[in-house]
Each structure stands twice: as structure tokens, then as C-alpha cells.
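This report concerns only the one structure given below.
The values are calculated or read from the model by the stated rules, or taken from the named source; none is laboratory data. Source: prediction; values computed, not measured. Cβ sites come from the backbone with ideal geometry, for glycine too, and all protein chains shown count toward neighbours. Only protein heavy atoms, including side chains, enter the accessible area calculation; ligands, DNA and RNA are left aside. Shrake-Rupley method; radii C 1.70, N 1.55, O 1.52, S 1.80 Å.
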Amino acid sequence: MVKKGRIISFFVILVVLAIVIGLTAKPIVNNIKLGLDLKGGFEVLYQVKPLKQGDKITSGTLHNAVTAIEKRINVIGVSEPSISIEGNDRIRVALPGVKDEKSARKLLSTTANLTFRDSNDKLMIDGSELEPGKAKMEFQNTTNQPIVTLQLKSSKKMEQVTRTIMKKTIPDNVLVIWLDWHKGQTYKEESKKAKPAYISAPRVDEELGKNVMIQGDFTTQEAKNLAELLNAGSLPVKMDEIYSQSVGPQFGKDSMVQTLYGGTIGVAIIFLFMLVFYRFGGLIANITLCAYIYAVIAVFVGLQAVLTLPGIAALILGIGMAVDANIITLERIKDELRSGKSVLSAFRAGNHRSFSTVLDSNLTTIIAAAVLFVFGTSAVRGFAIMLIISNVVTFITSVFGARWLLGLWVHGRALDKKPGLLGVKKGDVHDA
Amino acid sequence: MMLKHFDFIKHRNIFFTISIVLTLLGILSLFIFKLNLSIDFTSGTRIDVTANKALPLTKVEQTMSDLGYQTEQTVQSGQNNQVTTIRLNKELNRTQSASISDRLKQDFGNVDVSMSTVSPQVGRDLAKKALYAVIIASLFIIAYVWIRFEFLQGLTAVIALIHDAFFIITVFSLLHIEVNILFISAVLTIIGYSINDTIVTFDRVRENIKLSKKRLSTLEDFGHIVNQSIHQTITRSINTVLTVLFPVITLLIFGSESIRTFTIALFVGLLCGVYSSIFIACPLWAVLKVKHLAKRKKKRTIQPQS
């Protein structure tokens, strides 16, 4: 006799599953964080060096540098930046979705060390004298030119410096304002150029106090950036780009669309294959696969992991591998059916005997993925996380989920004497 | 199915020979053709220019030489060849990459420029890390199989696995396909996956040995068990590899160019993996097992006399 109750609960489960997926799919998909290889943006690996020769890079200086970088990224306004320290002296910064890459990269790596020097490049005042957070972009009253105003901690130093410079003769009575001056740059050389490397070199004819006004050859945006850069603070270190990757938004989008398209066709073939080969067992496997895909994406989003192109590939491959668990079990059940067992006992024996096989095969993959995660760069890490998640979820959906769903039909006696529904020909069954 | 009645033990030497020849070929190829390493492992710059149509290659090279760069390789890909990839053997700094990007946009209209540049130091580190990853993953897997099965099975499983990984490298070297960081992921995935097939078959061997009440000692005895186990699991082995191959093939055809090396490596690795677990691992295990037993027997018969 067919027990209707179990079959009804099977359909109830299906409906509940469909409702849950239907209601939550959209918010989950909207919350997927895309990596820069899909969204466009850039990633830079910086080699960190001390500002002064002979200084050492400690973990303290590295952390200070990271804080300064974070402040600057706030200036750029990127929603999902990722900054990480690698090894002893490297910092990796990834900014997905950045629009203006050129100025963002410039903003990140400038040390932003403001110095005031005389015409012989002798250091008069450096950035540590600045009152923090007081730099502002303003417009000059008379010319309406954008300018940057700053405040020094005390006026004494500036008074002293301007007094000395005032006494010099033209053209040496200038106070040269540099951003990131480095050895070898001289005022004398730069002043001959059309675009000098210093910001400005005002002539000093009166004593100045602690309020400083910089009149450079700024556009409004440049003046604004400089003010924000000065407020974010200077970097305690020098950073050289040793690796960089930048992805155009179109390139990223194309890769994603193509990969999803190819993957969807592949998955559709898997579904068809399972139906043809395992009939009813295949249908159950396909239902658990849908739950699997949903669960993997949900867990991935829940962990706030970043989806990369290899991650999508891993998701698609994971579907192929998750079916493995279904196939091992269904093949085993088929074997038992062929040896003449009833559907019920074949189902029991098949589940029991296939379990350790599935366990062994999934654990080996997890081992490989874990090693990948530890040693990988960001794109590879996305792949490794996806692989680990999919192997764990496989266990829940394709082993326990499939067993439960198929069990409802088997225990409900709906499949009794119908081995054909599980893909076994009547003629192949040996008499017990 | 023909394979269901195939005597794997009887014909083992054919397959052992094929695999040895392929491996030797790989070693030879590595010496002659070497590997086409991408900038990930060496250093230099790769620029991908995406336009809405194929760009004239000579014009692209002209632009690059105007800027003072010598291109090492320029290729086009994508359905309409709309992606042009330029390789430079120089690493670029921030201002250089910005000026290239600006110039390309100026010369070819509103194109989309993606660029990655690697310094020698980073390339070396990456290659080192990748090698460590492969070695460490292999060691962990050997340890796991050793614990769950017997040592000889662990050993043959790992031989089959190295055989698969090396075969991927052979194909990449012979066909001169670019090896990038994703290649390493693919090889590791194959290492994790190809051992599945082997384990599933060994699993059945273990079970069949328990079921047969006979004391096994000759190659014939073990050969029977091995053949029986392979026949019982072959449908499963082929079906599971098929379900992974389906998406790999569609990704190969329709997927993004950026993951092409990855999908090629997986494709080769999956095929080689199913071959090695059926034709190499189990028969090899039977041969080693019989030798091992014979040695032990000899020891036992000698020992009492001494």
C-alpha cells in the first residue's frame, strides 16, 4: 500500500523550499560582493620602505600605514575596500569599482609629506608642525582662485622662518612649499620648468603667523584633494608598487556574463543527464542540487566573501562535484537492486555503504582547497573558499537531503516493485 | 558496455607503457619547449584592451612603439576578436601605466583598458608559494589516504595523482599554452578530485577482499578482485567525471577568456584522472601488493632457519 502521508510531506517540503528560495533569492543575490575582476577596479601590492634610510619597518609602522591608507580611501569613497598586510613589509590594497583609477592610485601612494624649504632646499618647517584636520579648500577673495589654507601648531616657528627669509635678496627670498620632496630635487632647477615639482614658492615680504595660505596653480579638485590628503595625515612610510592589476569595468562584466552563460548551459546538461540516467533518483538529485546552489550562494554571502571569476568557476564545478555524491549513492542503490534486493532494503544498504566513500572523496578535496586558501592570492582565495563551502554543503544537501527526500518515497512504499524508476531494467535483476 | 568485461590486469602492461612514454615525453618537452610562464611567475605587464570591434593590430603596436615600448606579444581573442592583449616584458610604474591607458583611449576611442604588472620579486614569490602549495597539499592527501586505507594504496593513489598533474604540465608545455596563477588552482583541484575516483575504486577493492573468504596471494587472486571492483565502479567513475566535464566543456566554449587556461587544465586533468584511476592505480596496486606479500613470505620462510 502506498502511504499517502509521506508523499504529501514530500510535496509540502518542496513547496516550502520553493517559497524560501523565491523570497530570499533576490536580497541574497543583491548582497553578493563582486571582486574587482568582475566589477572593475584595481589592486596594488606595495613594498613598504622606511622614509629615512636606516630605519626599520616594524609591525607598528605597518599598522600606522594601514590606518593612513584607510583614511585616504575614505576620501576616495570606495564602498568595499580591502587592505591587508602581507609578510613583513608589504601591503595589498584592493579597490573594486573605483571610477577614477589614475587619481586614486596617486592619492594612495603619495607620502603627503608637506615641507617648507628655503631657496637652497634647506628644511625650514615640516608636516609634523601642522595642526591636524585644519586644512581646507577655499577661494581667494580677490581672484576667486582655489587655494588651500592650513594652520600650524604654533606661530613662533613661522615667524622665525619668515623673518630669516625676508632678509634675503630677490630672487632668494622665497618660501618653497613641497609635497613629497625627495633628495635631488632643487628649487633652482624646478623653478625654470613650466610645471615645477613644488606646489608653490611665494615671495616673503612680511612676517607670517600660524595661518598659512597656499596659492598653487590648482584646479578646484586638486585643491580639494590636497586639503583632504593633508587632513588624512602623511604616510609614515614610503610605498612602491610592485604588483598591480587593474580591470576595466566592461572587461569584468563581459567575463562574468560569459562565464555565467557557459556555466548555466553546463549545469542544464547535468540536470538532463541525471534525469535520463537515474530517472526518479535523478529528479530527487536535481531538487537537492537546486537547494545546493541556493545554500552555497547564501553561505558565501553570509561569510561576506568576495566573489571572483575563479569563484564562479568553482561554484559551477562544485555543482558537477556535488552530483558525485548523488551518483555514488544512486549507483550503489542500483547495484543492490540488481542483486535482487527489494527497493526498501536496497535503499538502506546503498545509503549505508556509500557514506564512507562520499566522506573520503569530499575530505580530500577540502584538504586541497584549504591549502590553496592559505597560499593563494585574492582571486585564488575566492576560488578556495567556494570549493570548501561547496564540499561542506554537498554533504548536507546531496547526502542527507537526497536521502531524506528519496526516503519519503521509499518508506511511503511508492516505489515498491518499480526498480525502473531508479534506472534499473527489470531484466538486469538477479533473482534472490 | 565493453569496459565492463575488460581484463584490466591482463592488459596492464599496455597502459603502464603508455603512461611511462607520456611521462618521458613530458620530461623531454619541459627541457625542449619549457613552460610558457605568464607574467604572474616572471615579471612584466599584460594589457587587455576591450573595444566593441577588433582593433587593427598594427595600429596598436604602432601606438605602443610611439610611447617607447616594445611589445613582446600581441594577440586578439573573444567572439569578434574585440579583446586585444598586449604583453610587455617590462614592469610599469603608476605614471607609465596611466599614460598608456590614456593614450590607448585617445587613439582607439572609448576602449576599456585592463592592466596587470608584476615585478620580478613578486613573480618569484608567487612561483615559490605555488610550489609549496602543491607539495603540502600532496603530503596531506597522502597522509589522509594512508590513515583511511593501507600504505600501498596510498602510495599508488599518489603515483596516479602525480601522473595526472604531470600530464597537465606536459600538455601545457607541448602546446605552449600560457601558465598563469589559475593554472595552479586547476592542478590542485585535479589533485583533490582525481583521487576521488581512485579512492572509490579502492573502497570497493577493500570491500571485495573482505567478502571473498579465500586467502589471496597470487596476482591472479588480486587481479580477479581488481577486475571485479573496477567493473562494479566504472559506471560511477565515468558518470561523475562526465558531470564535471559538462560544465568544463561549456565553460571552455562560452566562458571568459580570463579563465581559459584554468578550464583547459581541468579538462585535461579530468580525462587523465579517470584514465589513471581505472587503468593505472588499481592494476599497479595489485602488482605491488603481490610483490610485497611474496617478499614477506620469503622472509617468514627464511627466518625460522636463522
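Computed over the alpha-carbon atoms, the range B:133-258 gives an Rg to Rh ratio of 1.04, Rh here being the Kirkwood radius from the mean inverse distance. For the peptides A:414-427, A:308-321, the ranking by mean Cβ contacts within 10 Å, running from highest to lowest, is A:308-321, A:414-427. Close amide H pairs (under 5 Å, H built 1.01 Å from N) link A:Ser200 with A:Ile177, residues at least 5 positions away or on another chain. For chain A, the 222 nm mean residue ellipticity estimated from helices alone, with every DSSP H stretch of n ≥ 4 adding -39500 (n - 2.57) and the total spread over all residues, rounds to -18500 deg cm²/dmol. Between 0 and 90 degrees, rounded to the nearest ten: what's the tilt of helix A:378-394 against the longest Cα principal axis of chain A? With rounding to tens, the tilt is 30 degrees.
Just checking the output field for B:259-266: average partner chain Cβ neighbours within 10 Å of each residue's Cβ? Walk me through the numbers on the way to the answer.
Working: counts 11, 0, 0, 6, 4, 0, 0, 3.
For this peptide, the per-residue mean of nearby foreign Cβ atoms is 3.
What is the sum of charges, Lys and Arg at +1 and Asp and Glu at -1, for the other residues whose Cβ falls under 11 Å from the Cβ of B:Asp112? Charge balance near B:Asp112 sits at 0. So, R0 is 60 Å and r is the distance between the beta-carbons of A:Val257 and A:Lys188; what FRET efficiency does that work out to, to 0.05? Plugging the Cβ-Cβ distance into 1/(1 + (r/R0)^6) gives 0.60.
When nucleic acids and ligands are ignored and a 1.4 Å probe is applied, A:His352 ends up with an accessible area of around 140 Å². Inter-chain Cβ neighbour count for A:168-181, averaged per residue, equals 0 (cutoff 10 Å, partner chain atoms only). In this structure, the pairs whose alpha-carbon distance is over 19 Å, taken from A:Lys49/A:Lys106; A:Lys71/A:Lys136; A:Lys3/A:Lys341; A:Lys122/A:Lys238; A:Lys153/A:Lys195, are A:Lys3/A:Lys341; A:Lys122/A:Lys238; A:Lys153/A:Lys195. Peptides B:126-134, A:262-270, A:192-200, ordered by how many other C-beta atoms sit within 10 Å of their residues on average, highest first, read A:262-270, B:126-134, A:192-200. If I take all pairs of Cα atoms in the range A:205-294, what percentage of them are more than 19 Å from each other? Percentage above 19 Å: 72. The HN-Hα couplings worked out from phi for the range A:2-18 by the Karplus form 6.51 cos²θ - 1.76 cosθ + 1.60 (θ = phi - 60°) are 7, 8, 5, x, 5, 5, 5, 5, 4, 5, 4, 4, 4, 5, 4, 4, 4 Hz, whole numbers, x standing for Gly and Pro.
Over chain B, DSSP H runs of length four or greater, each weighted -39,500 (n - 2.57), average out per residue to a 222 nm ellipticity of -23000 deg cm²/dmol.
Ellipsoid semi-axes for chain A, based on the Cα gyration tensor and the rule √(5λ), read 70, 19, 16 Å when sorted largest first.
Skip the ligands, DNA and RNA, and give the accessible area per residue of the range B:45-162 with a 1.4 Å probe, whole Å².
For the range B:45-162, the solvent-accessible area averages 50 Å² per residue.
Each Lys or Arg adds one and each Asp or Glu takes one away; over the other residues whose Cβ falls under 15 Å from the Cβ of B:Ile191, this sums to -3. Solvent-accessible surface (1.4 Å probe) assigned to A:Val392 amounts to roughly 80 Å². Principal-axis analysis of the Cα atoms of chain A puts helix A:309-338 at an angle of about 10° to the longest axis. Shielding of peptide A:215-222 by partners, expressed as the average count of other chain Cβ atoms within 10 Å per residue Cβ, is 0.
Counting only protein heavy atoms and using a 1.4 Å probe, the accessible area of A:Met166 comes to about 80 Å². Summary value for the range A:55-108: 33 percent relative contact order, contacts being C-alpha pairs under 8 angstrom separated by 6+ residues.
Of B:Asn208, B:Thr250, B:Tyr275, which is farthest towards the positive pole of the range B:203-306's charge dipole, taken about the Cα centre with +1 and -1 on the beta-carbons of Lys, Arg and Asp, Glu respectively? So the residue furthest toward the plus end is B:Asn208.
Site pair A:Arg338 and A:Glu207 shows an inter-label distance of 10.3 nm when each label is modelled 7 Å from Cα along Cα→Cβ.
Electrostatic tally near B:Val226: other residues with Cβ closer than 12 Å to its Cβ, Lys and Arg +1, Asp and Glu -1, net +2. When a 1.4 Å probe is rolled over the protein heavy atoms, the share of accessible surface on chain B that falls to carbon and sulfur comes to 63 percent.
Quick one: angle between helix B:57-66 and the longest Cα principal axis of chain B, in degrees between 0 and 90, rounded to 10, please. Here the helix axis deviates by roughly 60 degrees.
In chain A, taking the dipole from charged Cβ atoms about the Cα centre, the farthest positive-side position among A:Ala135, A:Ile270, A:Gln215 is held by A:Ile270.
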